[in-house]
Every structure is written in C-alpha cells, then in structure tokens.
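Reviewing the structure listed below.
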Amino acid sequence: MKAVRTPGGLSLRVDPRAALVCALLAVAGLAAAVVLIGTGDFPMSFGDVVSTLYGNGTAAQEFIVRDLRLPRALVAVLVGASLALSGAVFQSLSRNPLGSPDVIGFGHGSTVGALTVIVLFGGDTLAVSAGAVLGGLLTGVLVYALAWKRGVQGFRLVLVGIGVAAVLVAVIHFLITKANLVDATRATLWMTGSLDGRDWAQVGPLALMCAVLVPVVLAHGRHLRMLEMGDDSAYALGVPVERTRIVLMTCGVLFIAVATAAAGPIAFVALSAPQLARRVTRSPGPNLVAAALMGAALLLVADLVATSAFPDRQLPVGVVTGVLGGCYLLWLLVTERRAGRI
C-alpha cells in the first residue's frame, strides 16, 4: 500500500498492483468493446469503429454503431459489472467463494418472476423486466428471513440460499410445463441469457441503477472488508453490522435483479469475476472496483466469442459464460478441497 495525498489535502491508500490491474482491465474491456462493435454482418475495422464513435463515420456506419451495436456493448459492460459487484458483495458477506447470487437463489428468483409474467400473464418486455426485479427482491427477503437467527451467519446464508434455489428451480420447471409452445419457446430463450437485440431502452435503467447503487456499495467497502473478519470483530471495530449487511444485501439483490431483467440469467459471471479479480490483484478484501471491471471485460469477451465462434449463427452469451463458468467452478472446487476448506 502507498499513501497518496491529493491537492485538497485528502489522503488515500493505493495498492499499486491493484491499480495497475484495474487499468489493464479497463483497457482490455475498451478494446473488447471496440472489437465487438466492429463484429457482425457488416464488419468494421478497429479504426473505423473509433472514428465513427468520434462522429467521423459515414451515415451507414453511424447507424450501425450508434443505433445497433453500441447499446449492446454498453449493456454488456453494465450487466457484467452489476453481476460482478453482486457476486463480490455476497461472497464477502457469506465469507465463502461459492456464496454467489446465482448459487444461493437470487438469480433464480428473478427468473421465476420473469417466467411468471411470461407464462401466466403473457406480459411484454417491460412487464417481464419488472417481474424479474420483483422476483429477485422477494427472494432476497425470503432468504434473509429464513437465514436470520440473532443475525445472519455466512454459512447459514449459503445453505438457506441453496435450498431456496432448489425450490425455485422446481418452480421454473413447473412454469415451463404449464406454458404453451410459443410462451415456452420465449421463456427458454430468455432463460439462456442473451444480449441479442438489446438497445438504448435497456441501457437507461441499467445506467441509472449503477449510478445510484455503485456509490453506495463503494462507500460501504471498508465495512464490507471488516465483515469478512466476522461479526464479532466488525462489532469491535465499530461497524453497524446488521444495518450494513441489510444495505449491502439490498444493493446486491438489486444488482442481480436488474441485470437479469436486462439480459436474462447469465450464469457464472457473478461467481467467477470477483474471485478472478482477487487472484490477479493479490489483495485482501472484496476488491469491488477490480471485480466490476473484471465482470465487464469477461462479459464483453464472452459476447465476442458468442458472436464470432460460428460463422453461420450467433450463440447466446449465456451459453459461453456457462461453459467457461462451469470449468472455473470445477477448478475452484478442486482448489478449495486441496486447501482443506471443503
């Protein structure tokens, strides 16, 4: 750690390695976004994309970049960062690398909410998004209530979350069997997780959510780091444990719910991005900024693979993250077992 003093007299502690990793992740994410924008039926070079973003492209290039492809890239950035921040929050609160929102039920709750709107009410895109957010919030309240016993312990949160997730998976299958062919097809496609067809209508709510919640989470970053040492230690250091936990859990649930509403349940980004960020920075604590940048970069690269892996078709990005995340989960389980933690 190095102390940095600003001209206004504010002193900050900066980890040089973490700062370098964040800068490299930001550059990698920007490069992946530019390449992704230039990929498609109308390919564009890296230079043409940059020139068009600065307003120097042709009318056709302006339309393709600004109206069709830039919103998709921005949704990928915002969704990836939101999923990663949600994962970092819940992994720190549970003190468990497997305490990811897509493992402990919050993602499943958003999926149930969206499928209920699709199957039972035939709702439009806006209604499906609202159902996903409401489902995630209700699941968060349920898990917190069931895990409460003179406070919420990490292992209890994970166990209750896994149990709730199992019940919600059954509800998902039930809703699919109740749907007609058209709604079942629509629901299955949505459940895969995809960035196809995303436009400025999805960018606005995601950007607003991030503008509100990211500062709240970052402001609680120090308390979150202390909570990783246990409730008793956090109490001794003056942390309002339950209030901090409720605020952070609410933010984490909203991150996963709004991200799921925008792009469907994209698997494993919330699980893998915070752990990868922690490993490359080699810094203790939640590493919130690095995790957000890692999540954004991962989803951009995954979408690039999904759009270019097969020349004759595009894969949903959830398929790519599922394959990569499954491999990462196996590696994580083997690592934790060899370390004697599971």
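The values are calculated or read from the model by the stated rules, or taken from the named source; none is laboratory data. Bear in mind the structure is a predicted one, so any value in this text is a computation, not a measurement. Here Cβ is always computed from backbone atoms with ideal geometry, including for glycine, and neighbour counts include all displayed protein chains. Only protein heavy atoms, including side chains, enter the accessible area calculation; ligands, DNA and RNA are left aside. Shrake-Rupley method; radii C 1.70, N 1.55, O 1.52, S 1.80 Å.
So how strong a dipole does region 2-336 carry about its Cα centre when Lys and Arg Cβ are +1 and Asp and Glu Cβ are -1, to the nearest 20 debye?
1100 debye
Heavy atoms only, probe 1.4 Å: what % of the accessible area of the chain goes to carbon and sulfur, would you let me know?
Carbon and sulfur: 69 percent of the exposed surface of the chain.
Taking only the alpha carbons of region 303-342, what extent do you get along each of the three principal axes, in Å, biggest first?
46, 12, 11
Any chance you could check the Cα centroid distance between region 192-268 and region 41-103 for me, in angstrom?
Going from one Cα centre to the other spans 18 Å.
Expected output is a single nm value to one decimal: the length gained when fully extending between Ser308 and Ser51, i.e. 0.36 nm times separation in residues minus the C-alpha distance. What is it?
That works out to 90.3 nm of additional length.
If you count only protein heavy atoms with a 1.4 Å probe, what accessible area per residue comes out for region 70-144, rounded to a whole Å²?
In whole numbers, region 70-144 has 29 Å² accessible per residue.
Top to bottom by accessible area (1.4 Å), largest first, where do Ser129, Ser82 land?
Values: Ser129 30, Ser82 0 Å².
I get Ser129, Ser82, largest accessible area first.
Between Arg222 and Arg156, what length comes free when the chain is fully extended (0.36 nm per residue of separation minus the Cα-Cα distance, one decimal in nm)?
21.4 nm
With Cβ to Cβ distances under 10 Å as the rule, what net charge do the other residues near Leu157 carry (K, R +1; D, E -1)?
Overall, the nearby charge balance is +3.
I need to check one value: relative contact order of region 2-336, counting alpha carbon pairs closer than 8 Å and at least 6 residues apart, in percent. Walk me through the numbers on the way to the answer.
Details: 537 pairs, mean separation 95.6, N = 335.
Relative contact order of region 2-336: 29 percent.
Within the chain, what's the longest stretch lacking trypsin sites (Lys or Arg not before Pro) that sit in DSSP loops with no more than 14 other Cβ atoms inside 10 Å?
In short, 1-148.
Among all helices in the chain defined by DSSP H, which have a length of 27 Å or more along the axis from Cα atoms plus a Kyte-Doolittle mean of at least -1.0?
The answer, listed by residue number, is 16-37, 70-94, 125-147, 154-178, 200-219, 241-263, 288-308, 317-338.
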